[in-house]
Amino acid sequence: MNDPRALAARVISRLYQDRGSLQRLLPWAEKQVDDEQANGKNRSLLRELCYGTARFAPRLELLLAKLLRKPVKDEELEALMLVGLYQLEYTRIPDHAAISATVEAARALKLGHASGVVNGVLRNALRDKEALTRKLSGNPQFSSAHPEWLQQAIKKAWGTEARTIFTANNSNPPMTLRVNLSKTSRDDYLKQLIDAGIPAQPCEVSAAGLVLENPVAVTRLPGFDDGLVSVQDQSAQLAAELLDPQPGERILDACAAPGGKTCHLLERQPDLDLSALDVEEERLDRVIENLERLGMSAQLICADAAEPQHWWDGEPYDRILLDAPCSATGVIRRNPDIKLLRRPDDIPELAELQGRILHAMWPLLKPGGTLLYATCSILPEENSAQVARFIAETPDARDNTPQLLNDQPWGLPQEAGIQLLPGIHAGDGFYYAKLEKATANS
């Protein structure tokens, strides 16, 4: 199959069936696109349709329900109509071209018998656009383009800031770079970018970060293959800065894949005894790739962070970075399929897992050592409430985060830790809590 609309419908339908993520499904779909005659335009269109349809799916679902006389049983057919509606609502593709190409895609999916339904739904959407918008304008899912449960959770957590978060989540993210300060300075690399015709500016919160005016392929970045720079959001870049590793220290990066923070720790302090832990061997391969590109090394451990009795050698760590598994609700603008993949029941399950890992990591830390708890979530259950509960249950745990905030222009102080929010702060949504383990004398 070489039809980008048909392939996009297939990807979206598999997201709804919980059969993968965009990160896994898109490479599969892109391999099926023959772009030799289109100069890469078909792959670009495929990515746009997949990301855009996922981003606005909660809104498009409501539109489609109003346009259908009865529910559609075929999941690929429903997904194709969502892809068609996305084109009419959010792209510059001429309306007649979008409709005819989407009808043709139905035939590519062997759904030719339903081509009349596709054509009718899209033409009615075009004709009745204003009336449909008026009917749905009071629906919070429609106005926010977030599933109802998530819209309510964000509004409950952040009140008047919620609308700004929704807007940020529904926008395309910037491309942010992390300069390898062990090899060059940020100012020198910024000059290299400008000389290469790639406008950029320094990040607000990360001393190593640069934000590009427009995204580019990594192959265009000067020195990328030589490890001069990596792609990483500025909020994520704060992890290495906050952990602040010192020469010769024994460090554990728990839940390390894909390795961006592992590499950043080594860029800041090459003289480390650093172990990178992850439960999935396939994900550790990404860590290896990143380390090799940067010319660095670390001990790799494929194991479950919640069960250190199976892998820990008994020697405590000076510092631990726990980038805990989470809902990823802070990075929806980069991963809009979260709106389709995440369910409300996931949050308490994730919180329980985070608590188990946090309690399992604490005995591995030296007295006087530091554990940095981090997530890319914006939900308090996974963040401030999680850490506050841990501190209450752990007599030798101290929240050292407030000491970081005196001169920092970023983040919202919480009951425990600090929260960054998309749209409110410069980078993605992230949470950090810097916990110190008391010594016998403290």
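The values are calculated or read from the model by the stated rules, or taken from the named source; none is laboratory data. Note that this is a predicted model, so its numbers are computed, not measured. All Cβ positions, glycine included, derive from the backbone under ideal geometry; neighbour counts span all protein chains shown. Protein only, heavy atoms only, side chains kept; ligands, DNA and RNA dropped before computing areas. Shrake-Rupley method; radii C 1.70, N 1.55, O 1.52, S 1.80 Å.
Observations on the structure shown:
- DSSP bridge orientation in the chain - percent antiparallel, rounded to nearest 5: 55 percent
- Amide H contacts of Phe430 (H built 1.01 Å from N, in plane; Pro and chain starts excluded): Leu420, Leu421 sit under 5 Å, all sequence-distant by 5 or more or on other chains.
- The chain - percent of accessible surface contributed by carbon and sulfur, probe 1.4 Å: 47 percent
- Where both bridge residues fall in the range 350-439, DSSP classifies roughly 95% of the beta bridges as antiparallel.
- Under a 5 Å amide H cut-off, with hydrogens placed 1.01 Å from N, Gln232 pairs with Thr176, Leu177, Arg178 among residues at least 5 apart or on other chains.
- 3J(HN,Hα) from dihedral phi, the range 201-216, Karplus parametrisation 6.51/-1.76/1.60, rounded to Hz, x for glycine, proline: 8, x, 5, 7, 10, 10, 6, 9, x, 9, 9, 7, 5, 9, x, 9
- Accessible solvent surface per residue of the range 109-153, calculated while the other protein chains remain in place, 1.4 angstrom probe, Å²: 55 Å²
- Prolate/oblate/rounded call for the range 265-384, Cα gyration tensor, a/c under 1.5 rounded: oblate
- Pair-distance distribution P(r) for the range 1-72, from all Cα-Cα distances in 10 Å bins starting at 0: 20, 47, 25, 8, 0 percent.
- Peptides 382-388, 4-10 ordered by average Cβ neighbours within 10 Å, highest first: 4-10, 382-388
- Accessible area per residue in Å² at 1.4 Å probe, computed on the range 185-316: 46 Å²
- Mean separation of Cα contacts under 8 Å (6+ apart) over length of the chain, as relative contact order %: 13 percent
- Here the Gaussian network model covers the chain, with springs between Cα atoms less than 10 Å apart; of Gly429, Gly248, Gly417, Gly248 fluctuates the most.
- The Cα atoms of the range 22-128 cover 40, 27, 25 Å along the three principal axes, with the biggest extent listed first.
- Cα-based shape type of the chain, given that a ≥ b ≥ c are square roots of the gyration tensor eigenvalues and the cut on a/c is 1.5: prolate
- Taking a ≥ b ≥ c as the square roots of the eigenvalues of the Cα gyration tensor, an a/c ratio of 1.5 or more together with a/b larger than b/c marks the range 33-95 as prolate.
- Taking 1.002 mPa s as the viscosity and 20 °C as the temperature, the Stokes-Einstein diffusion coefficient of the range 187-249 based on its alpha-carbon Kirkwood radius rounds to 167 µm²/s.
- Derived scalar couplings ³J(HN,Hα) [the range 90-96; Karplus, 6.51 cos²θ - 1.76 cosθ + 1.60; whole Hz; x for Gly, Pro]: 10, 10, 8, 4, x, 3, 5
- In this structure the range 324-442 gives 38 Å² per residue of accessible area when probed at 1.4 Å with all protein chains present.
- Accessible area of His264 in the full protein assembly, 1.4 Å probe (Å², nearest 10): 10 Å²
- 29 Å Cα-Cα reach of Lys70 towards lysines, excluding residues that sit fewer than 8 places from it in its own chain: Lys110, Lys129, Lys135, Lys339
- Report summary: the helix-based calculation at 222 nm, which adds -39500 (n - 2.57) for every DSSP H run with n ≥ 4 and divides by the residues of the chain, gives -13500 deg cm²/dmol.
- Computed 3J(HN,Hα) for the range 355-363, one whole-Hz value per residue from the Karplus formula 6.51 cos²θ - 1.76 cosθ + 1.60 where θ = phi - 60°, is x, 5, 5, 4, 5, 6, 6, 4, x, glycine and proline marked x.
- Listed residues Pro380, Pro247, Pro422, most fluctuating in the chain (Gaussian network, C-alpha, under 10 Å): Pro247
- Nearby lysines by direct alpha-carbon distance to Lys434 (threshold 16 angstrom, same-chain neighbours under 8 apart not counted): Lys261, Lys366
- Residue among Glu61, Glu213, Glu381 with the largest mean-square fluctuation in a Gaussian network model of the chain, springs linking Cα atoms under 10 Å: Glu213
- For Leu272, distant residues with modelled amide H under 5 Å away: Gly248
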